[in-house]
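Report on the following structure.
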Amino acid sequence: MRTLTLNTEPKANNVIDVRSITAYSHYLMMKAQLAGNLRFDGHKVSEEELEVARQCCELCDKISRRLGICKEAEIPDLLECYDIAYRVGHRRLPDSKFIDTYKRRVLKAWKTDDRDIEESSIFSMIASEVAYNPGKADPEYLKAYLSLKNKWVETLLKHNRFSDVTTNENYRRLALIMRENIDGYLTEDEYSEDVKRGWYDYNRVEDLSTLSSTLLRSYRNFVNSLPSVVIDHDEKQALDNRILGELSTRPDLALHDRQAFRMTLEFNREMAMG
């Protein structure tokens, strides 16, 4: 398998676009998975792992520079790439103050009605911090998290989808809310697994070829967010492989993305074979 690198040739504005960075990050994380960088079992580190770690460190440097000049709407995706690349490259968590500075910049822009910032971007940026440590979560993050969660669940309980946004945003929100505990929003006669199964049935797609590449990626995240009470492991794996097979052939996707999807599909098949 040939090694791909991030194209750093100067563009018209001398800036590497976010799409290229996220695609390359996707590819690097799959390389890390296969090389063993994500295994913390005390094994002897290989030369391939060291090379992947070095590439991740380089990517973090590029993202740091991009964060200093990018639009607020680009920050959540860049932070997600930075976080995982930093963990792999440096084998430790990134500086929380550095991350928090950019989170607050996004949140401030969103509160002042920056229409380029989607609600799903805000929720994904703060949900893990609030959900796993609610007692110590920043009050500003907690308020935004609860406000969005309340609104989203109420909308889904009434309509089974987010009809007032793009289809892509609908799937992005569904993928996030499927991971949340919604018991507090239900009556005694309702069960979260039944409710979530209903949301899946309402939003499921049979013919994957009808979805654009952007939609298909979000739909994949939605599928992979489904709890086992909604779709069992084997069914989810089979569906994920169908989606991966479709995505790996899409010419409108960046080369790094397509390569990463192919690698993931091969990895899934090898794991299934034992």
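The values are calculated or read from the model by the stated rules, or taken from the named source; none is laboratory data. The shown structure was predicted, so the numbers you read here are calculated from the model rather than taken from an experiment. Every residue, glycine as well, gets a Cβ built from its backbone with ideal geometry; the counts of neighbours run over all protein chains shown. These area figures cover heavy atoms from the full protein model, side chains too; ligands, DNA and RNA do not enter into them. Shrake-Rupley method; radii C 1.70, N 1.55, O 1.52, S 1.80 Å.
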Roughly how many Å² is the accessible area per residue of the range 66-220, as a whole number, for a 1.4 Å probe? 55 Å²
Could you list the residues of the range 108-134 with an amide nitrogen less than 18 Å from a label point located 7 Å from the Cα of S96 in the Cα-to-C-beta direction? 125-134
Give me the distance in nm between label points sitting 7 Å out from Cα along the Cα-to-Cβ direction at D113 and E193, one decimal. 4.5 nm
With the full set of protein chains in place, find how many percent of the accessible area of the range 190-245 is carbon and sulfur; take the probe as 1.4 Å. 45 percent
Which of F98, F162, F123 moves most in a GNM of the chain, Cα contacts under 10 Å? F98
In the range 251-273, whose amide N lies under 12 Å from the spot 7 Å out along Cα-to-Cβ of H233? List them in ranges. 272
Candidates for percent of Cα pairs over 22 Å apart are (1) 67; (2) 58; (3) 63, and the calculated one carries label (3)
For K151 paired with N224, estimate the spin-label separation in nm (one decimal), with each label point 7 Å from Cα along the Cα-to-Cβ line. 2.7 nm
